[in-house]
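Structure first, commentary second.
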């Protein structure tokens, strides 16, 4: 039987541009430009005079234009992500951004005129037949009314973004993707992601060495990344001031359909439970037979012997079997990602690090990017990203305006899918050591997704506040803010080393999507609660879960969670989610004590 090498698993982006490559991208953009010009000629200044059928026709055409621009934008961004060093990829993305922005500026009037309608008139229009796939989107758009500028100002802001924040974000991606780490014994430097994966080694000297070399590799361009961060902190402060947002996080909360108060309640609930990760790290120090962990020890293997590896075909089968046990619908959808070249798996020079799923547009399909290194963590990452992919795949009928959920629900399907695979791996574990290794990985995943993300939210809180109060921040000052947020999380359980002060500088979310990170904690706790409902209800829960994914972003977060029988407005909801994480910790602690007893 032929074994599939991850190096051969590459996506085919041509369906996004009708198989015509760059020429297809240019043709689709030209069509979008032509249609947007005609749209503006027909509807600019006329929205207040439309009747219900007129609004339906306008939204249908606006959706078609959005599909065209989305296809080309996805094609350019995904091509760039696999090779950020190729000048042709960078040039294409820049061209697409510039032309896409021109189209956006032609259509800005529609959002502004829609927001300007009085509430009674808007509700009258929203009652029209034919708006089922845009009604929630249109209602949500009206929440931005207090924060919109005039049409000329909005056009200037949109056009300047290409050479402003978008350009800085691209530079950050290019600089970060070029980082290489020289490890002792390696013939060639390795990608940053590959080096970071070796922090899971059971050899402490190797972990310390890797951490030292990662710190060294981050140094040459640290000033550049620090300047990019400073510039975007200042840019956001200006944007928030001009748009009358109360806090640095308010615009993100509005996009997430979450109140400032509810997000603060989540953050405080997690911070109040920082003792959960500290408990685990103290136990891990015992397992590793050290007095106290250092930051580079946190992901270390807690069992002796080599970590199991998984070839690509094994990973595929594990994930498909786990999904099939839950629902054939999930397995059938996931199988298409493998069979139809919707995944790009190998580690390559200049490829963007980490993993993600791009929804693209409903008329095509989602794509998944991985950096697959055969680790067990990579199998779980595959399940995680395919969860995202299935969410996008099942929500395609909602259309371009309501396929995507707010970020606060974006992690629901990914964490659920990862949990299905984790449970399958755990059931197959046949020794205390193998069970401990899996449980350790699980609790550390929850720590990373819930507690570390909230700590990073607190770093952003400090950085945005300091930039607004103190002016441009030195690298030392940014390092202080980063260290303070990490020390608050880790307490006396983990030493934050001097070298770790610069490790904030490769996290893309701080640059690309300020305020994003708390959504991981939100989504993890919500997804664990959804999984808890599945354990309670069994097979009868499956249709509810599929309905939840298929709904996309067509309802508010509270309404979507209610499909699964959850009440996000309950003040105890976050505490209940954290209790589930505490339960994971207790399972890991019990397994650890069993292994420690065997060692005595």
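Rank-order 41-47, 92-98 by packing density, defined as the average count of other C-beta atoms within 10 Å over each peptide's residues, highest first. Don't skip to the answer; put the middle values down first.
Numbers: 41-47: 13.9, 92-98: 19.0.
In descending order of packing, they fall as 92-98, 41-47.
Is the shape of region 365-502 best called rounded, prolate or oblate, per the rule: a/c under 1.5 gives rounded, else a/b larger than b/c gives prolate, else oblate, with a ≥ b ≥ c the square roots of the Cα gyration tensor eigenvalues? Show your work: numbers first, answer last.
Working: a/c = 2.72, a/b = 1.30, b/c = 2.10.
Because a/c hits 1.5 or more and a/b fails to exceed b/c, region 365-502 counts as oblate.
In percent, what relative contact order does region 266-424 have, based on Cα pairs under 8 Å that are 6 or more apart in sequence? Intermediate values should be presented prior to the final figure.
Numbers: 172 pairs, mean separation 32.0, N = 159.
Relative CO of region 266-424 lands at 20 percent.
For the chain, what is the percent of antiparallel DSSP beta bridges, rounded to the nearest 5?
Working: 6 of 10 bridges.
Percentage antiparallel, nearest 5: 60.
Please list log₁₀ I(q)/I(0) at q = 0.12 Å⁻¹ for region 296-446, using the Debye equation with identical point scatterers on the alpha-carbon positions.
Here log10 of I(q) over I(0) equals -0.52.
Place the peptides 431-443, 253-265 in order of packing, highest mean first, counting for every residue the other Cβ atoms within 10 Å and averaging per peptide.
Working: 431-443: 20.7, 253-265: 18.2.
Final packing ranking: 431-443, 253-265.
From the Cα gyration tensor of region 6-163, with a ≥ b ≥ c the square roots of its eigenvalues, which class applies: rounded if a/c is under 1.5, or else prolate if a/b is larger than b/c, or else oblate?
It is prolate, given that a/c is not under 1.5 and a/b is the larger ratio.
Measure out, as a whole number of angstrom, how far apart the alpha-carbon centroids of region 184-206 and region 138-178 sit.
Using only Cα atoms, the two centres lie 37 Å from each other.
Rounded to the nearest 500, what is the chain's calculated 222 nm mean residue ellipticity when only DSSP H runs of at least 4 contribute -39500 (n - 2.57) each, over all residues?
Working: 26 runs with 382 residues, N = 600.
Calculated at 222 nm, the ellipticity per residue is -20500 deg cm²/dmol.
Between rounded, prolate and oblate, where does region 441-600 land on the alpha carbon gyration tensor, with a ≥ b ≥ c its root eigenvalues, rounded for a/c under 1.5, else prolate if a/b exceeds b/c? Walk me through the numbers on the way to the answer.
On the way: a/c = 2.84, a/b = 1.31, b/c = 2.16.
In terms of gyration-tensor shape, oblate.
For residue 235 and residue 429, what is the calculated FRET efficiency with R₀ set at 30 Å and r taken between the beta-carbons, to the nearest 0.05?
On the way: r = 49 Å, r/R0 = 1.62.
It comes to 0.05.
Ranked by Cβ crowding within 10 angstrom, fewest neighbours first, how are 359, 144 ordered?
144, 359
Which value in Å does the Kirkwood hydrodynamic radius of region 333-421 take, with 1/r averaged over all unlike C-alpha pairs and then inverted?
On the way: mean 1/r = 0.0752 Å⁻¹.
Taking every pair of different Cα atoms in region 333-421, averaging 1/r and inverting gives 13.3 Å.
Could the peptides 198-209, 290-301 be put in order, highest first, of the mean number of other beta-carbon atoms found within 10 Å of their residues? Don't skip to the answer; put the middle values down first.
Details: 198-209: 16.7, 290-301: 18.2.
Descending packing order for the listed peptides: 290-301, 198-209.
Got the relative contact order for the chain handy, in percent, Cα pairs under 8 Å and 6 or more residues apart? Spell out each step's value before the answer.
Values: 798 pairs, mean separation 109.4, N = 600.
Once divided by the residue count of the chain, the mean separation gives 18 percent.
Specify the inter-centroid distance of region 233-308 and region 313-352, based on alpha-carbon positions, in whole Å.
29
Below 8 Å between Cα atoms, with a sequence gap of 6+, how large is the relative contact order for region 6-163 in percent?
Values: 121 pairs, mean separation 45.7, N = 158.
About 29 percent, as a whole number.
Could you give the distance between the Cα centres of region 426-452 and region 490-504, to the whole Å?
23
FYI, it's all coordinate maths here, none of it is from the lab. All values reported here derive from a predicted model rather than from experimental measurement. Every residue, glycine among them, receives a Cβ derived from its backbone with ideal geometry; neighbour counts consider all protein chains shown.
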